[in-house]
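Here's the structure we're looking at; comments come further down.
Please treat every number below as a calculation from the coordinates, not as lab data. Owing to the predicted nature of the structure, the values given are computational and were not obtained by experimental measurement. Quick reminder, even Gly has a Cβ in these numbers, built from the backbone with ideal geometry, and neighbours come from all protein chains shown.
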Amino acid sequence: MHIIREEDVYGDHIEAPNKRVIKHLSAPWTLGSQNLWVGTSTVEPGNETNAHSHEDNEEVFYCVSGSGLMIVDGERQDYTAGTVVYCPPGSVHQVVNTGHEPLKSVCSVSPPFEQKQFRDDHDMEN
């Protein structure tokens, strides 16, 4: 059995204007998952993720807490606790925190990210 606890994962801390923390909970380089990446993304109030796509990966977002907007291929929808959003491969997506508390999502990606691809797609230095 492979187990990881979110509280034990430091994660990637990305600075403003895309200020957020992404924790890789299940990935090839954490738990050894081969067909799925699962993580959390917490976007700080007044911030947003970079608009980006994953050419070969589908992604599902589940809003745990907070409020904001989800933008997928230019379509804007309210994004609040309990909302699930599917992003097909190649779709440009972005999460915007319009609230006053952190906007937290559980995200799943298949096939799973590779580390370099993840860093490139999310405009992070390698």
### Members of the stretch 110-123 found to be of a type outside the set (D, E, K, R) and more than 12 Å from the chain's Cα centre (by Cα), listed by number
110, 111, 112, 115, 117
#### Entry: Filter result for the condition that a residue is among the charged types (D, E, K, R) and surrounded by 16 or more Cβ atoms within 10 Å (Cβ to Cβ), over 75, 59, 55, 15
59
### Task
Please work out which residue is nearest to residue 98 (Cα to Cα), limiting yourself to the stretch 52-73 and to residues that are of a type in the set (Val, Ile, Thr) and touching a residue at least 40 places away in the same chain (Cβ under 8 Å).
64
### Query
residue 37: in contact (Cβ under 8 Å) with a residue 60 or more places away in the chain and surrounded by fewer than 16 Cβ atoms within 10 Å (Cβ to Cβ), yes or no?
no
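Go over the candidates 49, 80, 42 one by one and state the one that is surrounded by 12 or more Cβ atoms within 10 Å (Cβ to Cβ) and free of Cβ contacts under 8 Å to residues at least 24 places away in the same chain.
80
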### Task
Please indicate, with yes or no, whether at least one residue in the stretch 49-62 is of a type in the set (Ser, Thr, Tyr), assigned to a strand (DSSP E or B) and closer than 23 Å to residue 17 by Cβ.
no
#### Entry: Flag if residue 88 is surrounded by fewer than 19 Cβ atoms within 10 Å (Cβ to Cβ), over 11 Å from the mean Cα position of the chain (by Cα) and either more than 20 Å from residue 116 (Cβ to Cβ) or small (Gly, Ala, Ser) (or both)
yes
### Task
Within the stretch 96-109, work out how many residues are in contact (Cβ under 8 Å) with a residue 60 or more places away in the chain and within 13 Å of the chain's Cα centre (by Cα).
7
#### Entry: Enumeration of residues in the stretch 4-31 that are closer than 24 Å to residue 97 by Cβ, assigned to a loop (DSSP other than H, G, I, E, B) and more than 14 Å from the chain's Cα centre (by Cα)
9, 10, 15, 16, 17
### Query
Yes or no: residue 34 part of a strand (DSSP E or B) and not β-branched (Val, Ile, Thr)?
no
